[in-house]
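The values are calculated or read from the model by the stated rules, or taken from the named source; none is laboratory data. Since the structure is predicted, the reported quantities are computational estimates derived from the model, not experimental observations. Glycine also receives a Cβ, built like all others from the backbone with ideal geometry; neighbour counts cover every protein chain displayed.
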Amino acid sequence: MPHFPVRGASSLSRVFLYVGIFFLVGALSWTNPGSAFAETEPAGEYDVVVAGGGIGGMAAAIQAARLGAGVLVVEPSDWIGGQATAAGVSTMDDLSRQRSGLYLEFVSRMQLRYDAKGKSMGTCYWDPRSLAFEPSLGQKTLYDMVEQTRLENSRDKKLEQKPFDILLLSAVTAVRREGSVVTGVTIRNAKGTRDVACRVLIDATEYGDVLPLAKATYRAGNSVTPFLNESSTIQDITWAAVIRSYPRGIPIKLRPRRPLPGYEEAKRNYESYVTADGMEFRGTYPVRLPVSFVSHNAYRGLPDSSLPWNYDGRPENWKLITKSGVNWGNDYPGKTGWNGYTGLPIAYLEDRNLRARIERDALIKTLHFIYYIQNELGESWSVTDDEYEHATLPRAARGLPEEWREIVRRMPPVPYVRESRRAVGEHTLTSGELLQNSLSYRDGRTSHEFSDAIAIGGYILDLHGADTDEKMEWNLGEKASSVEVNRPRGPFQAPLDILIPKDVEGLLVAEKNLSMTRLAAGALRLQPICMMVGQAAGALAALAARSGVAPRDVPPVRVQRALLEADVVLSLCKYSDVPPEHPFFRAVQLSNLYGLITPLEPPHAPSYNISDLDDPVLAMAIIRGADRGIFGVDEMITREEMASMLTRARLASGTSKGEPPVAGEKPDQFVSRGAFAEALCSTFGFEKENASSSWFRLSESHHSFDAIKTLASLGILDLYRSERDFRPARPVTRGEAAEMMMRAMTAGEL
């Protein structure tokens with residue numbers, strides 16, 4: 001399993017730069033710093049309201065706030081972080097190691113904390129190259145990122161000071177619209193209801209609960225509103241738990257005396273997964289069941305901050321693991337299915353009463369496993385007492401016997417929901433498109449990149465139940481066999497257009513609510529890609545709010561520039577001559593996405609089984625450098641190349657101004673900086689007479705003076721500032737051209 005290096009010196013340096021800040025902010029409670037935010041009194045108006053404080057919702061909120069937007073997060077539970085923290089799934093499904101942007105910052109901050117404790121984060125999935133953390137630390141890290149954002153914004157004199165608020169134990173219960181445009185929401189909590197105006201609303205809820213409130217067209221299972229088919233089904237949910245060893249004996253309050261009703265059936269289920277004499281995991285898939293309790297714990301093993309010693313996921317350390325997640329045999333409904341089908345009915349999403357009943361049953365199924373561990377396996381393990389401790393029990397726990405309540409109080413406050421409602425956008429992402437996209441630059445193929453890419457992930461098409469032919473979207477080419485046929489052969493991109501519902505303005509989606517098929521959702525529902533897609537939704541929302549335009553009218557390149565500036569990696573293509581620390585790394589990525597400049601040689605990486613990180617063919621290709629091409633960053637461009645790239649760049653910018661140049665009589669002639677400046681001005685229609693004085697030294701009589709002055713005033717020539725002289729006669733390199741084009745494509749107001 002090759003280790004995918006952490007992206008970019010610039011991203012890591014930013015993390016280290018702020019290490020002092022987040023340790024200072026660390027005075028917030030380790031277990032649940034959310035208490036500091038629970039009493040937030042919302043303002044009457046925000047640029048962006050994020051419904052749902054899950055991992056995607058928080059990424060959206062942080063990114064929007066860092067771009068200067070006023071942001072309100074509305075979270076129904078008392079925890080932020082969603083599936084990665086509140087639901088207890090803090091073993092990252094990070095197969096492709098695509099770490100950049102806020103996700104990289106998130107895991108790097110935790111790595112610093114665990115390094116300081118001398119502890120490994122590689123404790124899960126039977127492998128030390130994995131990534132896991134304690135949910136409480138994950139939540140605290142998100143709060144640290146919120147506090148840092150607030151602090152930086154307060155110090156930035158160029159920014160209008162706007163709020164960044166988090167409202168816990170609250171929910172969006174209505175969406176206000178004027179025609180097709182969202183104008184605000186109604187929020188309800190224990191204090192009552194309140195109306196809040198907003199320019200952009202993001203549905204980052206775990207169920208897609210805002211979509212029907214906004215009257216947006218959406219999918220549930222394989223059916224579409226308004227004609228939802230009650231036989232449609234979605235994936236299992238899991239009410240996870242975090243358990244730990246109690247070598248001195250389980251505390252009495254965490255050891256129930258009697259099982260709950262239904263235990264005997266649950267016992268038979270768990271006997272098929274884990275037994276006292278079960279097998280040890282041997283590194284082969286599918287896993288041979290039942291496994292031993294030691295192997296069970298090594299699957300979702302977590303670091304244990306309460307211990308003075310360390311362990312990781314190597315086989316010799318599995319017996320040392322003292323904290324783990326329960327998220328395997330407790331899928332609900334699991335093997336027994338629902339009314340003869342695997343998975344859950346879409347009524348789980350639509351009917352709040354049925355949802356409550358199902359979640360109660362899912363919670364009880366996990367409680368059965370706690371009893372099974374203690375009484376059938378004879379293990380001194382129970383729920384951990386240093387992760388969750390809720391003052392109020394979740395609704396699903398109402399009516400449980402008294403002896404079970406202290407256990408439930410220390411379980412995740414919400415279930416792990418794998419499949420939600422999904423918006424219908426102008427485009428619906430399919431598994432076939434993910435496959436083709438993942439084959440970019442592989443096996444001799446060239447680019448199949450999404451030009452509007454906003455995130456990179458990497459996972460299999462993973463469905464837990466509801467995975468038969470009749471449960472798929474046949475009209476979109478999806479079948480049960482697509483799980484294997486269309487399995488990605490490498491990392492893949494998420495395109496911007498799946499964030500935008502087709503029939504509502506001012507509404508965006510994040511988390512699992514994207515415009516995609518069920519199978520595509522099976523690859524995009526995981527924590528890393530959810531966080532990165534959420535970051536993109538936040539960037540789009542902030543840019544739309546700041547410019548006063550609908551999100552769909554923001555050119556993708558504007559969002560991409562903001563993400564690149566936030567150290568997000570967007571292109572699947574790597575070059576040996578443009579490493580992440582190269583000053584033109586961002587611009588070259590944008591060139592890749594839009595095909596602005598053809599590389600001298602593309603990569604020739606092999607396709608591989610994305611679930612097999614030990615693939616020897618891929619490992620050898622990386623050693624030989626076949627996974628990296630040659631861009632030719634220092635090569636000079638010709639007039640013909642300039643004409644082609646500027647034509648494409650103008651189209652990608654979304655402008656209707658200007659006219660691109662033609663190659664002319666000497667297409668092979670190299671282009672000077674002055675000629676390129678003039679071509680940029682004419683291509684994008686920049687107004688020369690509005691230019692202000694600038695930093696360069698050049699005679700006003702020079703024929704390129706007006707164009708150079710104009711571009712300098714727009715910041716397009718900032719790459720030459722260190723020279724303190726533009727030198728218009730010098731030839732332009734491919735890297736310089738990419739940088740100037742990126743700046744020109746995103747210059748000016750929308």
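Residues of the range 270-293 that are in a helix (DSSP H, G or I) and within 24 Å of residue 90 (Cα to Cα): 270, 293.
Tell me the residue from 523, 562, 544 that is under 15 Å from residue 505 (Cα atoms) and modelled with pLDDT of 95 or more, please. Reasoning before the result, please.
Numbers: 523 fails: under 15 Å from residue 505 (Cα atoms); 562 fails: under 15 Å from residue 505 (Cα atoms).
Criteria check complete, one pass: 544.
For the range 128-145, the set of residues classified as of a type outside the set (Ser, Thr, Tyr) and either farther than 23 Å from residue 291 by Cα or in a helix (DSSP H, G or I) (or both) consists of 133, 134, 135, 137, 138, 139, 140, 142, 144, 145, listed by residue number. One residue stands out among those in the range 449-490 that are closer than 24 Å to residue 238 by Cβ and among the basic types (Lys, Arg): the one that is surrounded by the most Cβ atoms within 10 Å (Cβ to Cβ), which is 471. For first residues located in the range 437-461 and touching a residue at least 40 places away in the same chain (Cβ under 8 Å), partners that are surrounded by fewer than 18 Cβ atoms within 10 Å (Cβ to Cβ) and of a type in the set (Val, Ile, Thr) and lie 6+ apart or on another chain with Cβ distances below 8 Å form the pairs 440/446. Of all residues in the range 302-331, those being within 24 Å of residue 271 (Cβ to Cβ) and modelled with pLDDT under 95 number 0.
Residues considered: 520, 539, 544. Of these, the only one that is under 14 Å from the mean Cα position of the chain (by Cα) and surrounded by 24 or more Cβ atoms within 10 Å (Cβ to Cβ) is 539.
Run down 449, 376 and say which single residue is touching a strand residue (DSSP E or B) at 6+ places or on another chain (Cβ under 9 Å) and within 26 Å of residue 477 (Cβ to Cβ). I'd like the intermediate steps shown before the answer.
Working: 376 fails: within 26 Å of residue 477 (Cβ to Cβ).
After ruling out the rest, the residue left standing is 449.
For the range 697-704, check the following and say yes or no: at least one residue is in contact with a strand residue (DSSP E or B) (Cβ under 8 Å, 6 or more places away or on another chain) and among the acidic types (Asp, Glu). No, the conditions are met nowhere in the range 697-704. For the range 155-168, a tally of residues being aliphatic (A, V, I, L, M) and surrounded by fewer than 17 Cβ atoms within 10 Å (Cβ to Cβ) returns 1. Listed by first and then second residue, the pairs linking a residue in the range 67-82 that is closer than 28 Å to residue 561 by Cα to a residue that is crowded, with 24+ Cβ neighbours inside 10 Å and acidic (Asp, Glu), with Cβ atoms under 8 Å apart and 6 or more places separating them unless they lie on different chains, are 82/206; 82/511.
Yes/no per residue for (1) part of a helix (DSSP H, G or I); (2) out of contact with any Cys (no Cβ under 9 Å at 6 or more places or on another chain); (3) under 30 Å from residue 419 (Cα atoms):
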| residue | (1), (2), (3) |
| --- | --- |
| 295 | yes, yes, yes |
| 325 | no, no, yes |
| 357 | yes, yes, yes |
| 360 | yes, yes, yes |
| 363 | yes, yes, yes |
| 372 | yes, yes, yes |
| 377 | no, yes, no |
| 387 | no, yes, yes |
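Taken together, the residues in the range 714-750 that are in a helix (DSSP H, G or I) and at pLDDT 90 or above amount to 15.
Applying the selection to the range 297-310, what residues are surrounded by fewer than 24 Cβ atoms within 10 Å (Cβ to Cβ), touching a strand residue (DSSP E or B) at 6+ places or on another chain (Cβ under 9 Å) and not in a helix (DSSP H, G or I)?
Step one: list which residues in the range 297-310 are surrounded by fewer than 24 Cβ atoms within 10 Å (Cβ to Cβ), which gives 299, 304-310.
From what's left, touching a strand residue (DSSP E or B) at 6+ places or on another chain (Cβ under 9 Å): 299, 304-307.
Matches in the range 297-310: 304, 305, 306, 307.
Only residues that are surrounded by 24 or more Cβ atoms within 10 Å (Cβ to Cβ) and either touching a Gly at 6+ places or on another chain (Cβ under 9 Å) or not assigned by TED's automatic domain parsing to the domain that holds residue 500 (or both) were counted across the range 183-206, and they come to 9.
Condition test on residue 125, is it over 19 Å from residue 80 (Cα atoms), in contact (Cβ under 8 Å) with a residue 12 or more places away in the chain and part of a helix (DSSP H, G or I)? Steps first, answer last, please.
Numbers: over 19 Å from residue 80 (Cα atoms): yes; in contact (Cβ under 8 Å) with a residue 12 or more places away in the chain: yes; part of a helix (DSSP H, G or I): no.
So residue 125 fails the test.
If you go through the range 628-653 and pick out every residue that is buried (at least 20 other Cβ atoms within 10 Å of the Cβ), without any contact (Cβ under 8 Å) to a residue 60 or more places away in the chain and under 19 Å from residue 440 (Cα atoms), you end up with 1.
Go through the range 587-617 and report how many residues are in a helix (DSSP H, G or I) and touching a Pro at 6+ places or on another chain (Cβ under 6 Å). Reasoning before the result, please.
The initial filter retains those residues of the range 587-617 that are in a helix (DSSP H, G or I), namely 587-594, 616-617.
Filter once more, so that each one left must be touching a Pro at 6+ places or on another chain (Cβ under 6 Å): 617.
The number of residues fulfilling the criteria is 1.
The residue list 120, 108, 170, 154 contains one member that is of a type in the set (Gly, Ala, Ser) and modelled with pLDDT under 95, which is 154.
Go through the range 633-655 residue by residue and tally those that are closer than 28 Å to residue 558 by Cβ and in contact with an Asp or Glu (Cβ under 7 Å, 6 or more places away or on another chain). Steps first, please.
If we filter the range 633-655 for residues that are closer than 28 Å to residue 558 by Cβ, which is where we start, we get 633, 637, 641-655.
Then drop every residue that is not in contact with an Asp or Glu (Cβ under 7 Å, 6 or more places away or on another chain), which leaves 633.
Of the residues in that region, 1 qualify.
Criterion applied to 512, 502 was being within 25 Å of residue 142 (Cβ to Cβ) and either among the basic types (Lys, Arg) or surrounded by fewer than 24 Cβ atoms within 10 Å (Cβ to Cβ) (or both), and the one residue passing it is 512. When 448, 464 are checked against the criterion of being out of contact with any His (no Cβ under 6 Å at 6 or more places or on another chain) and either among the basic types (Lys, Arg) or over 27 Å from residue 569 (Cα atoms) (or both), a single residue qualifies: 464.
From the list 416, 341, 371, the lone residue that is in contact (Cβ under 8 Å) with a residue 40 or more places away in the chain, of a type in the set (Ser, Thr, Tyr), more than 28 Å from residue 140 (Cα to Cα) and in contact with a Ser or Thr (Cβ under 9 Å, 6 or more places away or on another chain) is 341.
Every residue in the range 560-581 that is in contact (Cβ under 8 Å) with a residue 60 or more places away in the chain and more than 25 Å from residue 538 (Cβ to Cβ), please. The answer is 573, 578, 581. When restricted to residues that are surrounded by fewer than 21 Cβ atoms within 10 Å (Cβ to Cβ) and more than 23 Å from residue 227 (Cβ to Cβ), the range 335-361 contains 7.
Out of contact with any Ser or Thr (no Cβ under 7 Å at 6 or more places or on another chain) and either among the β-branched types (Val, Ile, Thr) or in a loop (DSSP other than H, G, I, E, B) (or both): does that describe residue 456?
Details: out of contact with any Ser or Thr (no Cβ under 7 Å at 6 or more places or on another chain): yes; either among the β-branched types (Val, Ile, Thr) or in a loop (DSSP other than H, G, I, E, B) (or both): yes.
For residue 456, the condition - out of contact with any Ser or Thr (no Cβ under 7 Å at 6 or more places or on another chain) and either among the β-branched types (Val, Ile, Thr) or in a loop (DSSP other than H, G, I, E, B) (or both) - is met.
Within the range 662-689, if we keep just the residues that are at pLDDT below 85 and within 18 Å of residue 743 (Cα to Cα), the residue that is surrounded by the most Cβ atoms within 10 Å (Cβ to Cβ) turns out to be 688. Given the conditions (1) in contact with a Gly (Cβ under 6 Å, 6 or more places away or on another chain); (2) surrounded by 15 or more Cβ atoms within 10 Å (Cβ to Cβ); (3) of a type in the set (A, V, I, L, M), which single one is not true for residue 210? All conditions are met except number (1). Would you tally the residues in the range 407-441 being part of a helix (DSSP H, G or I) and of a type in the set (D, E, K, R)? Qualifying residue count, the range 407-441: 1.
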